[in-house]
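Data block below; observations after.
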Amino acid sequence: MNDNFDLFKQLVGDDALKSISKKAKVTQKDVKNVISAAIPLMILGMHRNSSAEEGLNSLEKALANHAVDDTSDIKNFLDNADTEDGKKIVAHVLGDENQEVQKEIAKRAGLSLNKTSLIIALVAPLLLSLLGKHNNQQSSGTPGLLGALLHRLDIREHQLRADGLDVARRVHAAVHVDDVLVVEAAHHVEDR
């Protein structure tokens with residue numbers, strides 16, 4: 001699963017940051033802060049939703065639908081992103097905690113809720129597209145993919161207390177990640 005970091009690089013890469021910052025009229029640093037907080041929570045939400053058969057079927061359908069999107073040009077993808085679709089994705093993934101989580105991300109990032117919601121709505125379809133493509137390329141299935149991503153991000157449900165509304169209070173840990181260095185231990189290194 002070496003492609004996981006490529007997925008995250010695409011989500012917070014220069015093309016994505018420039019395109020989203022231009023659309024949201026905020027700095028690239030602001031975009032990175034919001035994305036860095038939102039993506040782990042969205043992946044956790046997808047993982048939780050996929051624990052029930054109905055949720056898993058719904059997620060796999062969404063991933064399959066978005067896997068066909070052309071993400072070869074991230075800037076073009078984001079310039080043409082359907083924010084209404086993004087809002088629906090976020091609402092479904094975060095469920096009842098959607099508004100509270102977005103408010104807390106906005107507060108921690110120092111942005112308005114409208115700008116924060118726009119950033120998250122822009123990145124949500126890209127996340128589904130990239131996850132759908134990765135899901136098609138690996139054999140462990142959707143729960144395996146999401147579990148591997150959460151493991152790589154070292155996110156555990158108990159850390160975010162996602163079973164309650166405490167998720168939003170824990171967002172601050174993911175917001176300030178400008179200078180994070182990811183180092184893989186020897187047990188993470190596979191044939192490359």
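Of note:
- If you plug the beta carbon distance of residue 14 and residue 53 into 1/(1 + (r/R0)^6) with R0 = 41 Å, you get a FRET efficiency near 0.55.
- Over all orientations, the range 11-82 has a Cα convex hull whose mean projected area works out to 5.1 square nanometres.
- Computed E for residue 70/residue 100 - FRET, C-beta separation, R0 25 angstrom, nearest 0.05: 0.15
- Computed from the C-beta positions of residue 82 and residue 60 and an R0 of 22 Å, the FRET efficiency is 0.60 to the nearest 0.05.
- The range 28-53 versus the range 88-136: alpha-carbon centroid distance in Å: 7
- Accessible-area rank, largest first, for 25, 103, 88, 115: 25, 88, 103, 115, with all protein chains present and a 1.4 angstrom probe.
The values are calculated or read from the model by the stated rules, or taken from the named source; none is laboratory data. All values reported here derive from a predicted model rather than from experimental measurement. As a convention, Cβ positions derive from the backbone with ideal geometry for all residues, glycine included, and neighbour counts pool all protein chains shown. Areas reflect the complete protein model, heavy atoms only, side chains present, ligands, DNA and RNA absent. Shrake-Rupley method; radii C 1.70, N 1.55, O 1.52, S 1.80 Å.
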